[in-house]
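Some notes on the structure that comes next.
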Amino acid sequence: MKLYNLKDHNEQVSFSQAVKQGLGKQQGLFFPLELPEFELTDIDEMLEMDFVSRSSKILSAFIGDEIAPHQLHERLKSAFAFPAPVAKVTDDIASLELFHGPTLAFKDFGGRFMAQMLSYVSEADEKITILTATSGDTGAAVAHAFYGMDNVRVVILYPQGKISPLQEKLFCTLGGNIQTIAIDGDFDACQSLVKQAFDDELLKKAIGLNSANSINISRLLAQICYYFEAVAQLPQEKRNQLVISVPSGNFGDLTAGLLAKSLGLPVKRFIAATNANDTVPRFLTGGEWLPNATVATLSNAMDVSQPNNWPRVEEIFRRKTWRLTDLGYGAVDDETTKATMRELADLGYISEPHAAIAYRLLRDHLQEGEFGLFLGTAHPAKFKESVEEILDQKLPLPEALAERADLPLLSHNMAADFAELRDFLLHK
């Protein structure tokens, strides 16, 4: 598999190199040189396969002969060791529940696959530092995926006071090879520090720097697989008029969905669902890219005003000669999010803010004869305080959260200052 840098098309790397490197020159994202496509008969056969076997076929189409099919299958068996069920909400809308993994969020798929790939492509004595920013769920998924791995140090930056207490407990209580830093700033400030680190060639070489954000191609490719898994669970008559609504912050999930469509998965259209951090909806409306300052919302994992993966979205549309005007979009404020969570509860479905936003825009955009699917990206209990207050009911804590809820936080606190972070990375 060859990938090229979206900011410098002359920089081309293998899949292994992209996994280890994370970002290209000038902080450019890597993107597949070839966009494989399956025949319709292949798609039908694949939808009859089990999740791991199908995922192995999907990822082999991108990775090629860099990883032997049986090796890839075994790695996927370890990574995708939990289900992604489709749950009925109404007669024409269902939720793809992506929160049945160890950290109760969709990031488990990408984080665990990346850990498997990095351990596969790295030399036995090669020291690696994973530096990543999180707006909530990435941190836990990455921390648990790499926890206890030899020669891998993980440093996670997150915005202090801007993620839920239980999200924080999930990854800031591990210790060992996992270091967490609460940054005095928002997610974009954390992301900026990560990018500065990747621009520092001396630092990169000194600590073997890598990133586990959705900018890493291995995480992105893993996410393609659950779109196929969703369609495989739908009856034939609902597959042909499928609309998928994706809660969008950094836009990695939407990118993966578009790559699934590019492979031949029958998706009529996608909806990019954002909260008040609505850079993309405003861009699609007016044609100007004008990020505002990031604002804190109930759906904190989507509190991103400069989404990193947007260039990949544009590249897919350009390469496939699709029209960007065919992408559905919308933004939902906190009050509407609360009302929608109550609406879903009345339908018998308990949701959290991110999924509620995706549901709201789906139900508003869905046309007669279409079937809608929205992504449930995190377990409601990860947002226990806000969900209980909004719905006025108690949520039981899943075991993964209950066992960490009372543990002390092991985080460091830091200003959004690169010199301070650089010193920490080199000497702590």
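The values are calculated or read from the model by the stated rules, or taken from the named source; none is laboratory data. Everything numeric here is computed off the predicted structure, so don't read it as measured data. Positions of Cβ are backbone-derived with ideal geometry, glycine not excepted, and every protein chain shown enters the neighbour counts. Ligands, DNA and RNA are excluded from the accessible area calculation, which covers all protein heavy atoms including side chains. Shrake-Rupley method; radii C 1.70, N 1.55, O 1.52, S 1.80 Å.
For segment 42-162, the calculated P(r) over all alpha carbon pairs, in 5 Å bins from 0 to the bin holding the longest distance, is 2, 10, 16, 18, 19, 16, 9, 6, 3, 1, 0 percent. Remark: segment 41-52, residue by residue, has Karplus-estimated 3J(HN,Hα) of 5, 4, 4, 4, 5, 5, 5, 8, 6, 6, 4, 5 Hz, where x stands for each Gly or Pro and the curve is 6.51 cos²θ - 1.76 cosθ + 1.60 at θ = phi - 60°. Only the Cβ atoms of Lys and Arg (+1) and of Asp and Glu (-1) were treated as charged; on that basis the dipole of segment 113-182 about its Cα centre amounts to roughly 280 debye. Ordering 17, 28, 287 by the projection of their Cα atoms onto the charge dipole of the chain, which places +1 on the Cβ of Lys and Arg and -1 on the Cβ of Asp and Glu, puts 17 at the extreme positive end.
Give the Kirkwood hydrodynamic radius (Å, one decimal) of segment 375-428, defined as one over the mean of 1/r across all pairs of different Cα atoms. Evaluated over segment 375-428, this radius sits at 14.5 Å. Counting every alpha-carbon pair across segment 225-351, the share separated by more than 19 Å comes to 53%. To put it simply, the accessible area of the chain at a 1.4 Å probe is 48 percent carbon and sulfur.
Please build a GNM for the chain, connecting alpha carbons under 10 Å apart, and tell me which residue among 135, 164, 14 fluctuates the most. Result for the chain, Cα springs under 10 Å: 14 fluctuates most. Modelled label positions at residue 126 and residue 420, each set 7 Å beyond Cα in the direction of Cβ, lie 3.3 nm from each other. Our summary of shape: the Cα atoms of segment 161-296 have principal axis extents of 53, 37, 34 Å, ordered from largest down, in whole angstrom.
Rounded to the nearest 20, the size of the Cβ-charge dipole of segment 1-59 about its Cα centre is 600 debye, with Lys and Arg at +1 and Asp and Glu at -1. The calculated pair-distance distribution of segment 91-192 uses every alpha carbon pair, bins of 5 angstrom beginning at 0, and gives 2, 13, 22, 22, 18, 11, 6, 3, 1, 1, 0 percent. What the Cβ-Cβ distance of residue 427 and residue 151 gives, at R0 = 30 Å and to the nearest 0.05, is a FRET efficiency of 0.95.
Over segment 1-54, accessible surface divided per residue gives 49 Å², non-protein components excluded, 1.4 Å probe. Placing a label point 7 Å from the Cα of residue 200 along the Cα-to-Cβ line, the residues of segment 401-428 whose backbone N sits under 12 Å from it are 417-428. Taken over the Cα atoms of segment 335-417, the convex hull encloses 158 Å³ per residue. In plain terms, the chain from residue 409 to residue 323 could stretch by 26.3 nm, reckoned as 0.36 nm per residue minus the Cα-Cα distance. Placing +1 on each Lys and Arg Cβ and -1 on each Asp and Glu Cβ, with no other charges, gives the chain a dipole about its Cα centre of roughly 600 debye.
How large is log10 I(q)/I(0) at q = 0.16, 0.34 Å⁻¹ when the Debye formula is applied to the Cα atoms of segment 171-216, each weighted equally and without solvent? Summing over Cα pairs of segment 171-216 leads to -0.55, -1.13. Computed over neighbours whose Cβ is under 13 Å from that of residue 201, the net charge equals +2, Lys and Arg +1, Asp and Glu -1. Computed from the C-alpha gyration tensor, the three semi-axes of the ellipsoid equivalent to segment 284-428 are 31, 28, 14 Å, from longest to shortest. In the full protein context, segment 332-398 carries 41 Å² of accessible surface per residue, based on a 1.4 Å probe and ignoring ligands, DNA and RNA.
Of the residues 330, 263, 274, the one whose Cα sits farthest towards the positive end of the charge dipole of segment 258-338 is 263 (charges of +1 on Lys and Arg Cβ, -1 on Asp and Glu Cβ, taken about the Cα centre). Label-to-label distance, residue 368 versus residue 389, with points set 7 angstrom from Cα along the beta-carbon direction: 4.2 nm. Bridging of residue 88 to lysines at a Cα separation below 27 Å is possible for 77, 107, 238, 261, 268, 338, 382, 384, 394, once same-chain residues fewer than 8 apart are set aside. Ratio of Rg to Rh for the chain, alpha carbon only, Kirkwood? Radius of gyration relative to Kirkwood radius: 0.93.
The mean accessible area for residues of segment 200-262, using a 1.4 Å probe and ignoring ligands and nucleic acids, is 23 Å² per residue. Shown in residue order for segment 371-382 are the 3J(HN,Hα) couplings computed by the Karplus curve 6.51 cos²θ - 1.76 cosθ + 1.60 at θ = phi - 60°: 10, x, 10, 10, 8, x, 8, 8, 5, x, 5, 5 Hz (x for Gly and Pro). Placing unit charges on each Cβ (+1 for Lys and Arg, -1 for Asp and Glu) gives segment 161-223 a dipole about its Cα centre, and among 222, 210, 194 the Cα reaching farthest toward its positive end belongs to 222.
What percent of all Cα-Cα pairs in segment 13-84 falls in each 5 Å bin, counting up from 0? Pair shares across the bins are 3, 14, 21, 21, 19, 14, 6, 2, 0. Name all residues of segment 334-370 having a backbone nitrogen under 16 Å from the label point set 7 Å from the Cα of residue 88 along its Cα→Cβ direction, giving them as ranges. Flagged as within label range: 347-350.
Sorted largest first, the principal axis extents computed over the alpha-carbon atoms of segment 45-105 equal 43, 29, 16 Å.
Distances between placed amide hydrogens fall under 5 Å for residue 273 paired with 246, 248, all partners being 5 or more residues away or on another chain.
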